[in-house]
Amino acid sequence: MFKLPVIVAPMFLVSTPQMVIEASNAGAIGSFPLLNARPVEKCAEWLLEIKEALGEKPWAVNLISHRGSNKRYDDDLELIRKHQPPIVITSLGSPADVIEIVHGYGGLVYSDVANVRHAKKAAAGGVDGLILVCAGAGGHGGTLNPFAFIAGVKEFYDGTIILSGSLSTGQDIAAARLMGADYAYMGTRFLAAEESNAPEEYKDMVIESTIEDVLYTDSFSGVHANILIPSLIKQGIDPKELKPKDEIDLSHLVDVKAWRDIWSAGQGVTTITKRETMKEIIEALNKEYEEGVQELVRND
Ligand SMILES: Cc1cc2nc3c(=O)[nH]c(=O)nc-3n(C[C@H](O)[C@H](O)[C@H](O)COP(=O)(O)O)c2cc1C
């Protein structure tokens, strides 16, 4: 069996310790946003629970590395220093403080980037991996084409490349490897998992939705995100009436209210058609991945 090169992406209000443990036990790499565990004492409990369950297996935490909008920034850095998660994924802001701490204990830092300018900055800062957030990704999806983004980054970077954006099947993972990525970064595929903290109605919506139900809009925070249109309709919002927001307000990154009723999913949502456990999803991905690789090397 091949090793499954998948990171189960961190999802605000959705990722749980059970998701991380199940993912990493099944051969992928689980992760969660530190802000999902509130208050900070709860977060320490989650970290201990995961550490104890996984031993030497890899797993990751996600830190919003933007001091201005993340009021927990200093506390979470301390948690990282103390509990030493093997991988820290930074989003927004500079990874510099994180790199110093994580490299100090031999861990890895991956930074999520949506354009070449940010990729260059993170690479120059010494991150171990770049997560290339491409068009169609859940949450704050990017706009770049994955082929072109990988090629653009490989011009100046030879660290680990992690591809993000609508990857949903094992064949997609094989394709990502062929394109030059080391890992596939998958969020939406796991939204409706039994262990996910998404409300039941959100999970049902993910199962029923297709690519045509996903809207890329900056109306809510000034930062573009992929949103499920049925969740807007449920809130009495007409998607056709949405206006761009003039100013960027990053508070939604840490503000529970903002994501509670407006639900995000990537364009890969079409592939999700039933409720499954993390273990079942990862077993299916494994099988499809092997089939995908075999299909490529078949000589007939
Ligand atoms: C509901 C939801 C919440 C997310 N929250 C975060 C987050 O807190 N931090 C982060 O770095 N990325 C977040 N993301 C983005 C994912 O980590 C990842 O980049 C994305 O899901 C990959 O694209 P895919 O959903 O098409 O697989 C979120 C995505 C979704 C769908």
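The values are calculated or read from the model by the stated rules, or taken from the named source; none is laboratory data. The structure presented is a predicted model; accordingly, all values stated were derived computationally and were not measured. Note that each Cβ is placed from the backbone with ideal geometry, even for glycine, and that neighbours are counted across all protein chains shown.
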Practice item. Output the residues belonging to segment 137-147 that are outside any helix (DSSP H, G or I) and away from the ligand (no atom under 14 Å from the Cβ). Key: N145
Point to revise | Of residues in segment 102-119 being within 27 Å of Q267 (Cβ to Cβ) and away from the ligand (no atom under 16 Å from the Cβ), the one surrounded by the fewest Cβ atoms within 10 Å (Cβ to Cβ) | key: R117
Study note, to complete from the structure: When restricted to I131, I161, I150, I99, the only residue of a type in the set (A, V, I, L, M, F, W, C) and within 13 Å of the ligand (Cβ to nearest atom) is I131
Study note, to complete from the structure: Of the residues in segment 271-281 that are surrounded by 17 or more Cβ atoms within 10 Å (Cβ to Cβ) and outside any loop (DSSP other than H, G, I, E, B), the one that is nearest to the ligand (Cβ to nearest atom) is I281
Point to revise | The lone exception for L92 - which of (1) at pLDDT 95 or above; (2) farther than 21 Å from L191 by Cα it fails | key: (1)
Exercise for review: Considering only segment 96-112, state which residues are free of Cβ contacts under 8 Å to residues at least 40 places away in the same chain and in contact with a Phe, Trp or Tyr (Cβ under 9 Å, 6 or more places away or on another chain).
Suggested key: D97
**Study point:** Within segment 5-49, considering residues that are in a loop (DSSP other than H, G, I, E, B) and away from the ligand (no atom under 15 Å from the Cβ), the one farthest from A193 (Cα to Cα)
**Key:** P39
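Looking for something assigned to a strand (DSSP E or B) and among the aromatic types (F, W, Y) - is there at least one such residue anywhere in segment 62-78?
Within segment 62-78, the subset assigned to a strand (DSSP E or B) is 62-64.
Now narrow it down to the ones that are among the aromatic types (F, W, Y): none.
No, the conditions are met nowhere in segment 62-78.
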Review point. When only residues in segment 177-201 that are more than 13 Å from the ligand (Cβ to nearest atom) and more than 30 Å from V293 (Cα to Cα) count, which is surrounded by the most Cβ atoms within 10 Å (Cβ to Cβ)?
Key: E201
**Study point:** Qualifying positions in segment 202-218 - within 14 Å of the ligand (Cβ to nearest atom) and more than 20 Å from A135 (Cβ to Cβ)
**Key:** Y202, K203, M205
Review point. Just wondering, is there one or more residues in segment 140-156 that are touching a helix residue (DSSP H, G or I) at 6+ places or on another chain (Cβ under 9 Å), within 30 Å of W46 (Cα to Cα) and among the aliphatic types (A, V, I, L, M)?
Key: no
